[in-house]
Every structure is written in C-alpha cells, then in structure tokens.
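Below you'll find the structure, written out as structure tokens, and then a few comments.
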C-alpha cells in the first residue's frame, strides 16, 4: 500500500464517519460538479493530506467532471457546524470524529461501543 493510500485509509478510520449529501451540487456551465468537503484538523495532518489526495483522485478518475473543494482548519466551522452544514446542504462532505456523530446524529451511538464489551442493565 502506498503512503498516500495509507494516509487515506487512516483518515477514514480516524474520522469514524463522514456525511455526504448531494443536494447542494454546484454545476458549472461546462458540466463540472463541485462539492465542498470540510474538516477541523490541520491541512498538513494525516486527515488533511488524505482529503486533498481524495479530491485529486476524484478529479482524475472522473476526468475532471467532479471537483472537490477542501476546507481545513475549521474554515467552515467546528465539527457540529459541518454536520449542520450537511443537513442544510451548504456542505456536501464532512469528516468528523465518531464522538461528534454519536452525540449529534440520532441512532449513531453504536459507533462508540467498544468491541467485545457487554452492556448490563442496572436496576
């Protein structure tokens, strides 16, 4: 596995979850569809590098039909803001931690369970 592929895989694992919503696609006159992807970490960190690599690969693999604008360092807000942006359609893809998903997305708390743990009823 190449270094870039490893960084992309690490970003997916570390982010825990990503949200995608295509209701806010920006179509240009030449047919290019531009999507906005946001995260709160540094652009030079593993997640930031993986996002930029992902955006480049999408453009390459689609012959430039799809373009992903990446926003790092919380440029579009904190993680909860990027989740809300996806809900509203102003952000298309958000890379956030699983704890943020568990606290703010109904039905997603299962990702916080530790593998092999048992839940006991109290009462």
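Sorting 40, 100, 34, 82 by the number of Cβ atoms found within 10 Å of their own Cβ, with the fewest placed first, yields 34, 100, 40, 82. Sorting the segments 59-67, 73-81, 43-51, 89-97 by their mean number of nearby beta carbons within 10 angstrom, highest to lowest, gives 89-97, 43-51, 73-81, 59-67. Rounded to 0.05, the FRET efficiency of the residue 44 and residue 65 pair, given R0 = 25 Å and the Cβ-Cβ distance, is 0.30. The label-point distance for residue 58 and residue 32, in a model that sets each label 7 Å from Cα toward Cβ, rounds to 1.4 nm.
Which length gain, in nm to one decimal place, applies between residue 87 and residue 99 when the Cα-Cα distance is subtracted from 0.36 nm times their residue separation?
Working: separation 12, 0.36 × 12 = 4.32 nm, distance 1.77 nm.
Result for the pair: 2.5 nm of gain on full extension.
Bear in mind that the values in this text are calculations on the coordinates, not laboratory data. Given the structure is predicted, the values throughout are model-derived calculations rather than measurements. No Cβ is skipped: glycine too gets one built from the backbone with ideal geometry, and neighbour counts run over all protein chains shown.
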